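Visitor: The structure is given below, and queries will be raised subsequently.
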Amino acid sequence: MLLNFGVLIAAAKFSNQQVGNKLRKSYYNTNFNKKDRIETFENAISWIVVFAMFIYGGAKLIQFDGASEIDKTVNEMTGMELMWAFYGYSKSFAITLGIFEVVGGILILIKKTRLIGCLFTSTILVNVILQDIYFEVNFGALKAAILYQLLILIILWLNKEKLIQSIKTLLSSEKTEQTKIKNFVKILIAFGIFIGLRILEYFITVKW
C-alpha cells in the first residue's frame, strides 16, 4: 500500500515537472517582439476607454432624472445645474447620447473598427471636455474625460501610419484634362443647381 502511494506521488511530481517544462519552453519559444508589445498595450488602454464608454453610456438612462425639476431661476443656477437641467429636460435626448457613447465603445473594442471608433468617440469626448470646462462641471469628471481622450490620442499615434494613409486617400483627387470652357460650363451649371436648391430650401423650411 505504501509502495503504491509512493509511486503515485512520484508520478504526480513527474507530471508537474513535465507540465512546468512545457510551459517554460512555450514561454521562451514565444517570439514576443515589439509589435506584440505595442498590440498588447494598445488593447489594454483601448479596454479602459471601452469600459468607460459602456458605463457612462448606460448611466444616461438615469443620470439626469429629476435634474430639470429645480426651484431656481436661470440667474441663480450654477453652470453645472444649468447643464444638468438642459439634459434632464429630455430623457430621450440623454439616452441618444448614451447610445452614441456605447456605439463608440463597441467600435473601439473591435480591432478592425478601432480607428473609426477613436475618431467617432473623440467628437463626443471633446464636446464633454468643453462643456465641463465652460459650465464648471465637477473637476473629477473633467479629468476623466481628458484622460480617455489622451488614451485615444495614444491609440491613434500607435496607428499613425494607417491614419496618415487614410487621410491621404481622402484628400487625394483625380486630375482630369479639360478645357477652360468646359470647366466654366460645369461651374455655371453647378451654380444654377445651387440657386435652385436654395429656393427649394426656402419653401420647405419657411413657406410650407
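Visitor: Tell me, which helices (runs of 4 or more DSSP H) wholly within the stretch 56-172 include 1 or more residues that are over 26 Å from residue 44 (Cα atoms)?
Guide: Helices (runs of 4 or more DSSP H) meeting the threshold: 79-89, 91-109, 114-134, 160-171.
Visitor: If I ask for residues that are without any contact (Cβ under 8 Å) to a residue 24 or more places away in the chain and under 17 Å from the mean Cα position of the chain (by Cα), which ones from the stretch 52-76 would you list?
Guide: Answer for the stretch 52-76, where residues must be without any contact (Cβ under 8 Å) to a residue 24 or more places away in the chain and under 17 Å from the mean Cα position of the chain (by Cα): just 55.
Visitor: Does any residue of the stretch 165-179 turn out to be of a type in the set (A, V, I, L, M, F, W, C), surrounded by fewer than 10 Cβ atoms within 10 Å (Cβ to Cβ) and either within 19 Å of residue 49 (Cα to Cα) or not assigned by TED's automatic domain parsing to the domain that holds residue 62 (or both)?
Guide: Within the stretch 165-179, the subset of a type in the set (A, V, I, L, M, F, W, C) is 167, 170-171.
Now restrict to residues that are surrounded by fewer than 10 Cβ atoms within 10 Å (Cβ to Cβ): 170-171.
Okay, now just the ones that are also either within 19 Å of residue 49 (Cα to Cα) or not assigned by TED's automatic domain parsing to the domain that holds residue 62 (or both), so 170-171.
Checked the stretch 165-179: at least one residue is of a type in the set (A, V, I, L, M, F, W, C), surrounded by fewer than 10 Cβ atoms within 10 Å (Cβ to Cβ) and either within 19 Å of residue 49 (Cα to Cα) or not assigned by TED's automatic domain parsing to the domain that holds residue 62 (or both).
Visitor: Can residue 158 be described as exposed (fewer than 10 other Cβ atoms within 10 Å of the Cβ), closer than 30 Å to residue 99 by Cβ and not acidic (Asp, Glu)?
Guide: Answer is no for this residue.
Visitor: Write out, first by first residue and then by second, each pair whose Cβ atoms fall under 9 Å of each other, whose residues are 6+ apart or on separate chains, and whose first residue, in the stretch 122-150, is free of Cβ contacts under 8 Å to residues at least 12 places away in the same chain and under 16 Å from residue 87 (Cα atoms) while the second is part of a loop (DSSP other than H, G, I, E, B) and of a type outside the set (Asp, Glu).
Guide: Listed by first residue and then by second, the contacts come to nothing, as the list is empty.
The values are calculated or read from the model by the stated rules, or taken from the named source; none is laboratory data. Remember, predicted model here, so these are calculated numbers, not experimental data. Glycine also receives a Cβ, built like all others from the backbone with ideal geometry; neighbour counts cover every protein chain displayed.
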